[in-house]
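Just so it is clear, none of the values below were taken in a lab; they were calculated from the coordinates. Note that this is a predicted model, so its numbers are computed, not measured. All Cβ positions, even for glycine, are placed from backbone atoms using ideal geometry, and neighbour counts span all protein chains on display.
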Amino acid sequence: MREDVVIERSTRMSRLTGLAAIVGVLVLAAGPMLWNDGVLRMMLEFFYLLALAQMWNLLAGYAGLVSIGQQAYIGIGAYALFAFTNVLGGNVFLGVLVAGVAAFVLAFPTAALVFRLRGGYFAIGTWVVAEVYRLVLSSQAKLGGGSGATVTVIGIDPTFRLFVTYWISLAIGVGSIVLVFYVLRSRLGLGLRAVRDREGAAATSGVNVRRTKVQVYVIASTVCGLAGGVIYLALLRLQPAATFSVNWTVFMIFAVVIGGLGTITGPIVGTLVYFALQQYLADLGSVYLIILGAVAIVVMLKAPNGLWGLVIDRWSVPFFPIQLRVRRTARRPPPEGSGLVGEG
Amino acid sequence: MEVDALDQHYRDFQALFGVSLHVAEGEIVAIIGANGAGKSTLLKTVAGVLRSPGPSVRFEGSTIGELRAYRRVDLGIVLTPEGRRVFPSLTVRENLEVGGYCRRPGSWSIERIFSVFPLLQRLADRSAAALSGGEQQALAIGRSLMANPRLLMMDEISLGLAPAVVKQLYGAIPGIRDEGTTLVIVEQDVTQALRVADRAYCFLEGRVSLQGEPSQLTRDDIRAAYFGI
Amino acid sequence: MAWLNTIVQGVLLGGLYALFATGLSLVFGVMRVVNLAHGVLTLLAAYLALVIVDLTDVNPFLALLVVIPVMFGLGYVAQRLLINLTLAGGVLPPLLVTFGIAVIIENTLLEVFSADSQGLNAGRIETVSITITDRLAIGWFPLGLFVAAVVVLGGLQLFVDRTRFGRALRATSDDREAAQLMAINDRHIYAVAMGIALAVAGIAGVFTGVRTTFGPLDGAILLIFAFEAVIIGGLGSLWGTLIGGIILGVAQSIGAQLSPGWFQLAGHLVFLAVLVIRPTGLFPREGVAA
């Protein structure tokens, strides 16, 4: 007997979640009217950290690329913002876009270099590249040299600046989630998951492994550049050591590992946890980082899929519909006159 | 060696279902069966590569299920694994020396191995990666012998080799048994296996489908047990 | 002829870099793990020597008698208890766990010793030199360092090539499962390999502490230097690592001669150049890929 089968992506559950998410974003967009400056700054920081975490997850959790050098693009974005605004006199908000473009452009030659390495050596290679960018940029007197530089925002109303920066950060944060979602649903995403699961088999199935990885790397790096732009639009003060600090990567790794590698919700959870911890523990300075590191190790060993992974294991909660699902619809008799004889 | 009602899982699926067999000292036992029937899984379980907690696997009376593979070699249980798996960055001589790592007392030595497999002597200082399939198989067997095994298990030594080479390898088997080593041979080449074996088991889809002495097994019995017809 | 002096200094510095790199290269060769904590651990040894010297007032080189076994033990235990557990999960867990260890150790050093620069004082040997010509003088210490590096590398190579344990090590690197069938306890082998790697890192750490001042944040650059030496020299070969270290040292020295701030950058650029021209390094062993 023939059954009818429907192949679809979303379930009712996920459609509801999607609706809730849109409402949520609208509420967040109204933030400047709802919250005071302090809260806005906090939310702003949350969103750009979220974007960074999503990107690191895209690289490591989906493409299997462990990069400890994404701070290169944060720095590139920051310096691009500064150069566009201070040196070229452009609009500071547009500078964020320029930051993204700069990162995009530089990601290609960087990829050509670092992709000559694999695995752990790839990781260190990305760090070396970040160091090279730091050394080169911090030696440019026009860009402030070794002591750093400050982005000029004279003539812009501080409240206005805060609002717009908030919106930009919100856009980047939410945008990063949407971006990852659509990438994974695309052909690129299919190739990615094939590569993650079995690289050799993926290659023989026609997936261009190298190009897939480069594309993901460029996407992630561009968003990191955008994030770098908005970060320094908010912070204003660039300092080579801090701007290119590997602590950005420490954060990214922590958020993704603890939240959950390889899921979209994982980094959201991880960033929330990091944020919460930061509010309470930041006073401890280095001890805070020790705790982060220890927690990350324990999670990696005991719960490799992170906190969100534990949740999914218990209750299957498909918020983000990426997989194709096959759903049986009720059995119906074949249409009249279809000419199929002998069935049943 | 005794295996009693052994269930074994491999990755996601169950490979063995309640398998029981025994091997007496000094015997040559053959295990035949189609691909995927569970023969290799059984050997790997006895060797300790696959874990099997519980009393199912016993050697000389004691349960060995809890022991890791490298400990079982000290007891004299040695596996010549499927696919030869010689160490490519070591020379032939070094491979044999590693075989003797456990330093079990016994009569096997590099010189004796060379006398059984003269081709290895000629290649003694060549890298194992440079050897042909047959040479590597001889090396793998020699390497196992260096451990002075009491129970030697050989997994598909004829795979991928020319018939003449297989004949040569099997020619060495009776000599090994005469040393006092008990042998369990897993083989796809049914004829060769039954020619040397005292007793045989046939596996089908994770279960024992036939057992007995080769002289008493008819071709039809075997075909039925092998293919499940 | 100032250039000859520069180059000689660079070559001798290369010995130190080779020592940095050996541990990293050994662990990767045996277990295919890149230990991201390697730089910080090297630094830890320097701090360990510092503590010993502060407590007992001995010459830092004598502190090696304690540092080496302690580092070996640390490596052995860390491997058995932690890192061995990560090996089954693919590429990510070992990297992330070693990165976590690096973060923990670095920040622990920061907490305990503060961010101040420290130094190990080895006395007159640091400044005494042999004068060869009136333009070329070789310090006893850099020379001794280079000789020590060659001796350690040579000893390690002999150990791996000629001893029973070295064979077991090479066998386990080739095929972990097959090695188990040879009565080799693979977990133990891995732990010993890590122990050796850290012991060599310990020697490197003490030497670097004598050579320059150091601070808790230096782990990063030590890792990078070790990594660059390994990649330039080619994977899988200890002597390649020595050559890689020498090239790195010479590049840095020349860079520093041209302009003091270019010390690190010159090394990075040479590294990148090698990466572009010969990604497998200058003397790679066959069959080992980055």
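Closer than 21 Å to A:Gln70 by Cα, touching a helix residue (DSSP H, G or I) at 6+ places or on another chain (Cβ under 7 Å) and among the aliphatic types (A, V, I, L, M): which single residue out of A:Ile290, A:Ile253 fits that description?
A:Ile253
Please report, ordered by residue number, the strands (runs of 3 or more DSSP E) entirely within the stretch B:138-229 with at least 2 residues that are under 16 Å from the mean Cα position of the chain (by Cα) and surrounded by 18 or more Cβ atoms within 10 Å (Cβ to Cβ).
Here the list reads B:151-155, B:182-187, B:199-204.
How many residues, within the stretch B:87-105, are part of a loop (DSSP other than H, G, I, E, B) and within 13 Å of another protein chain (Cβ to nearest Cβ)?
Counting residues in the stretch B:87-105 that are part of a loop (DSSP other than H, G, I, E, B) and within 13 Å of another protein chain (Cβ to nearest Cβ) gives 6.
When you look at B:Ala128, is it within 14 Å of chain C (Cβ to nearest Cβ), among the hydrophobic types (A, V, I, L, M, F, W, C) and more than 14 Å from B:Pro81 (Cα to Cα), yes or no?
Values: within 14 Å of chain C (Cβ to nearest Cβ): yes; among the hydrophobic types (A, V, I, L, M, F, W, C): yes; more than 14 Å from B:Pro81 (Cα to Cα): yes.
Criteria met by B:Ala128.
Restricting attention to the stretch A:232-263, report how many residues are buried (at least 24 other Cβ atoms within 10 Å of the Cβ), outside any helix (DSSP H, G or I) and within 14 Å of another protein chain (Cβ to nearest Cβ).
The number of residues fulfilling the criteria is 3.
Checking the structure you have, find out if any residue of the stretch A:164-184 is over 18 Å from the mean Cα position of the chain (by Cα) and within 14 Å of another protein chain (Cβ to nearest Cβ).
Taking the stretch A:164-184 as the starting set, the residues that turn out to be over 18 Å from the mean Cα position of the chain (by Cα) are A:164-165.
Among the residues that remain, those that are also within 14 Å of another protein chain (Cβ to nearest Cβ) are: none.
So far as the stretch A:164-184 goes, no, none of its residues is over 18 Å from the mean Cα position of the chain (by Cα) and within 14 Å of another protein chain (Cβ to nearest Cβ).
Could you list, in sequence order, all residues of the stretch B:188-227 that are farther than 17 Å from B:Leu43 by Cα and β-branched (Val, Ile, Thr)?
If the condition is that a residue be farther than 17 Å from B:Leu43 by Cα and β-branched (Val, Ile, Thr), then B:Val190, B:Thr191, B:Val196, B:Thr218, B:Ile222 are the ones that fit.
Going by the conditions given, is B:Glu82 among the acidic types (Asp, Glu) and at the interface with chain C (Cβ under 7 Å from one of its Cβ atoms)?
no
What is the number of the single condition among (1) within 22 Å of A:Ile124 (Cβ to Cβ); (2) assigned to a helix (DSSP H, G or I); (3) at the interface with chain A (Cβ under 10 Å from one of its Cβ atoms); (4) β-branched (Val, Ile, Thr) that C:Val112 does not meet?
If we test C:Val112 against (1) within 22 Å of A:Ile124 (Cβ to Cβ); (2) assigned to a helix (DSSP H, G or I); (3) at the interface with chain A (Cβ under 10 Å from one of its Cβ atoms); (4) β-branched (Val, Ile, Thr), just (1) comes out false.
Considering only the stretch C:235-267, how many residues are within 12 Å of chain A (Cβ to nearest Cβ) and surrounded by fewer than 24 Cβ atoms within 10 Å (Cβ to Cβ)?
10
Just give me the residues in the stretch C:37-66 being under 25 Å from C:Val27 (Cα atoms) and not in a helix (DSSP H, G or I), in sequence order.
Passing the criteria: only C:Ala37.
For the stretch A:14-111, please list each of the helices (runs of 4 or more DSSP H) lying entirely inside it that holds at least 3 residues being touching a residue at least 60 places away in the same chain (Cβ under 8 Å).
Helices (runs of 4 or more DSSP H) meeting the threshold: A:37-57, A:71-82.
Every residue, every condition in (1) surrounded by 20 or more Cβ atoms within 10 Å (Cβ to Cβ); (2) more than 10 Å from chain C (Cβ to nearest Cβ); (3) farther than 27 Å from C:Gly29 by Cα; (4) among the β-branched types (Val, Ile, Thr), yes or no:
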{"residue": "A:Gly75", "(1), (2), (3), (4)": "yes, yes, yes, no"}
{"residue": "A:Tyr79", "(1), (2), (3), (4)": "yes, yes, yes, no"}
{"residue": "A:Phe84", "(1), (2), (3), (4)": "yes, yes, yes, no"}
{"residue": "A:Val96", "(1), (2), (3), (4)": "yes, yes, yes, yes"}
{"residue": "A:Leu106", "(1), (2), (3), (4)": "yes, yes, yes, no"}
{"residue": "A:Ala112", "(1), (2), (3), (4)": "no, no, no, no"}
{"residue": "A:Gly120", "(1), (2), (3), (4)": "yes, no, no, no"}
{"residue": "A:Leu137", "(1), (2), (3), (4)": "yes, yes, yes, no"}
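Test of understanding: among C:Leu74, C:Leu85, which residue is part of a helix (DSSP H, G or I) and more than 14 Å from chain A (Cβ to nearest Cβ)?
Only one candidate passes the filter, namely C:Leu74.
Looking at C:Ala193, C:Ala183, which is the one that is over 13 Å from the mean Cα position of the chain (by Cα) and within 14 Å of chain B (Cβ to nearest Cβ)?
C:Ala183
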